[in-house]
Structure formats: C-alpha cells, structure tokens
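Report on the structure given below.
Rule-based calculations on the coordinates, nothing more; no lab input. These numbers come from a predicted model, not from an experiment. Backbone-built Cβ (ideal geometry, glycine too); neighbour counts: all protein chains shown.
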Amino acid sequence: MRRKLRMGMVGGGPGAFIGEVHRRASRLDGRIDLMAGAFDIDPEKSLEMGTSLCVAPDRTYREYKEMIEKELQREDPVDFITIVTPNNWHFPIAKECLEAGFNVMCEKPMTMTLAEAKELKSLVDKTGKVFGLMHNYTGYPMVKLAKDMVKLGDLGEILKIVVQYPQEWLARPIEKEGQQQASWRTDPKQSGVAGCMGDIGTHAANLAEYISGLSITEICADLTTFIDGRLLDDDGNCLLRFNNGAKGLLQASQVSIGTKNDLAIWVYGTDKSVEWHQERPNQLLVKGLGTPVEIWDRAYDYVTEKSAAAARCTRIPTGHPEAFFEAFANNYLNFSDTIFAALEGETPNELALDFPGVDAGVRGMAFIETVVESAASEKKWTSFKV
C-alpha cells in the first residue's frame, strides 16, 4: 500500500502568492503532505509560517541548509523539496537538494543563467533524481488535448504559432511602493537579466513548444521598459523560427492596461488550427477551412477518446470549471507518480512523465538569454543559444 509522499518547501513565507498555490495544489489529490519547510529568508518569519501551516516545530527550519541537514538524519525524511523562492535562489537550493539526494520541484525560471541551467541538468542526469519545473500552463486538460491533436496529425503540418501573454499589473511603478511581488521581479539581482520576458515570456515560449512539439531555433526580439526608472523590461515582442520551418509571433507585456492574465495561443496547420485562452481554459477551439468552428469542452467523452492525457487531468464533470489550482495539481500528480515509480523500482509510463522537467528549464534559460541578446543586437535574427 502506498503512503503519502512527504514534501518539504523552501520559500512561500508570509505574504507569498505562489508558495500557497503550490501548497494547495500539491494536496489536491491526497498523495502529498507538507511535512517540513524553511519558509522565509527571515528565520522568525519562517517559524511563524510553520506554525500557521501546522508544520511540526521540529520540522520548521530557520533556513534551508538546516532543513537539508536535519531531514537527512530522520527515519522519515521528506521525499522531495519544492522551491518557491525568488529566482536568484533557485539554482543554489536545487543544487544542494539534488546533491543531498532529494527529488526537486522548482518554480520557473529554473536558474539565473543558461550556464547554471546546464550544470543543473548534468546534476539531475548524474543523480537520477526526479526534477520537476512548474510551468503550470502545461497542466490544463485542453492544452494536453491540443498537444495530442498536433501529435496525431489532426492539424497537418504546423505552419505558424502565435502566442501572447499580456498583463496590466506593472503598468504603474508599484515596486517603489514596496509591493512584494513587484519588488523582486523588477530587481535584476533577484529576477535575472529579463523582467517581463523572464517572468511570463518563458511561459509563452514553453507553451508554444509544448503544444506544437517543435523547438524554437531563431529569435528576433524587441524589448522595452516603459516605466521610468525600472531596470528590467516590462514589454516584449518576438518573431520566432521553429525547427520544421514554421514561423511564430510571441508577445508578452506587463503594462497592457485592461488585461489581467490573458495567455492565449493559436497553432495553425495545413489542415486545421487550434486556439486556447487561459482565461477560458475549459474550451479548445478547433477550426478548419470553410467549416464551422468546433468548440471542444473539457470532460466530454470525445475529449477522453482523443487524449488520454487530457482525461487523466480532468477531475470533475463538464460545466464545473477546472482551472489554475488544478493545472498545478496535474503537474504534481505526474511528478508524484514518477517518484512513486522510482520508490517502487518501476519505470514510469508516458502519462506520468508528462510534466516539465530540467530540459524545459534549460530551454527556458536559453530563451531568456537569446531574447536579451537579440534585443541588444543590430542583427535581424539570433540563433537560439541552447
């Protein structure tokens, strides 16, 4: 009989948004319990957070190194550690966790540099530990349906991909007012060499490659910082070339007044196209030449018959919306099944392995560095750095 997996967490302290999302999503399927954590860079706040989450006092740690050391000494150590800190901590924490023998779930982007990402990939390959990267939008059932439609050839040959991710939340310099999420995301020391493109442009690029099964090979990018005094980009536009000859457009913005979280993608093939919107996540539009638009709804039998991956990630009947938390949970579901397989000496199946990992992290950092290089260059096209 399987036991629950024991999770440790680094980050996600008082006032943190994404840490709480991970905590709620990880327990959605009843497979994972949060057992330990070093929740804040301030030791007192970490202890305060542990108390509020009902984590045992002897497993609430003042800093992450203490958690790694003491969990290794326990008869029931955590099975994996989730990293939900600002970007600059992802690499050193993930590296130490892997070297200590822990599986890792990490927020994106995976590291601060492509060199760090490649080093982390080598370490994952060497240790054989399970590494997950939380590109949560790959967890939506209708995204998985779109991916399987492309894989099955329903769209024909892919010709063009258009992906957008506009937001409005940084249209004012709220980082100067001490807004916690804005403060670190606009700080190069904590966020890295890109702002908007590192934060949400990576999601758009990952979604384009995930659904299409293609790889970006060249980028022509234009980055802008519209808010005076801001040190990183808050808007970006890219032309893309893919490895099959397809072309693409990618735009991401955090100063687009009137839009909240409008991630959307259009994938055009020689026979059909698909369209998906994160703000209307339970439907996938399928379009043909001179034919009525098909609206595929999540949870119907025709979706199950087309995509086992979409069916696996659907929990409730049609008409009952599944969305943001469930997408995170779907990545945790597959991640946990892969860990269970390792614990039981088995090989995980293809469905269990359907979650972003260290390779997605390497490509994410390659995307960021290529975009920044392209935007600073006078060349029209910049080769993808990976």
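Quick rundown of the values:
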item: 12 Å beta-carbon shell around residue 167, net charge (K/R +1, D/E -1); result: -4
item: 15 Å Cα-Cα reach of residue 108 towards aspartates and glutamates, excluding residues that sit fewer than 8 places from it in its own chain; result: 116, 199, 359, 369
item: Proximal lysines to residue 160, defined as alpha-carbon separation beneath 18 angstrom and excluding residues fewer than eight positions away on the same chain; result: 147, 151, 247, 272, 287
item: For region 190-238 versus region 1-15, the gap between their alpha-carbon centres in whole angstrom; result: 30 Å
item: By average C-beta atoms within 10 angstrom, highest first, the peptides 182-192, 125-135; result: 125-135, 182-192
item: Residues residue 249 and residue 295, FRET efficiency given R0 of 30 Å [Cβ-Cβ distance, rounded to 0.05]; result: 0.80
item: Charge-dipole axis of the chain as Lys and Arg at +1 and Asp and Glu at -1 on Cβ define it, positive-most pick from 386, 192, 51; result: 386
item: Estimated dipole of the chain in Debye, rounded to 20 [Cβ of Lys and Arg +1, of Asp and Glu -1, Cα centre]; result: 360 debye
item: Unit charges at the beta carbon, dipole of region 224-308: most positive-side option, 303, 240, 225; result: 240
item: Loop chymotrypsin sites (Phe, Trp or Tyr not before Pro), region 1-78 (other Cβ atoms within 10 Å of the site Cβ: 16 or fewer; DSSP); result: 17
item: Among 318-324, 41-47, the order from most to least packed when residues are scored by Cβ within 10 Å on average; result: 41-47, 318-324
item: For the chain: relative contact order, % (alpha-carbon pairs under 8 angstrom, 6 or more apart); result: 19 percent
item: Residue order, fewest to most beta carbons within 10 Å, for 339, 265; result: 339, 265
item: Listed values [x] 19.6; [y] 17.2; [z] 21.8, entry calculated as mean projected area of the Cα convex hull in nm²; result: [x]
item: Which of 34, 152, 285 has the fewest Cβ neighbours within 10 Å, and the rest in rising order; result: 152, 285, 34
item: Check: region 5-129 dipole with +1 on Lys, Arg Cβ and -1 on Asp, Glu Cβ, in debye; result: 380 debye
item: Under 15 Å from the residue 260 label point (7 Å along Cα→beta-carbon), backbone N, region 312-348; result: 321-325
item: Alpha-carbon centroids, region 46-75 and region 92-146: separation in whole Å; result: 22 Å
item: Ranked 165, 137, criterion: other C-beta atoms within 10 Å, fewest first; result: 137, 165
item: Selected from 67, 140, 164, residue furthest toward positive end of dipole (region 43-200; charges at beta carbon); result: 164
item: Positive minus negative residues near residue 224 (Lys, Arg vs Asp, Glu; Cβ under 13 Å); result: -4
item: Residue-averaged 222 nm ellipticity for the chain, from DSSP H runs of 4+ at -39500 (n - 2.57), nearest 500; result: -10500 deg cm²/dmol
item: Global geometry of region 5-129, whether rounded, prolate or oblate, following the gyration tensor of its Cα atoms and the 1.5 cut on a/c; result: prolate
item: Rounded to 5, the percent of DSSP beta bridges in the chain classed as antiparallel; result: 60 percent
item: Region 233-386: relative contact order in percent, alpha carbon pairs under 8 Å with at least 6 residues between; result: 10 percent
item: Highest-fluctuation residue, 229, 245, 198 considered, GNM on the chain with Cα pairs under 10 Å; result: 229
item: Alpha-carbon centroids, region 252-274 and region 293-336: separation in whole Å; result: 20 Å
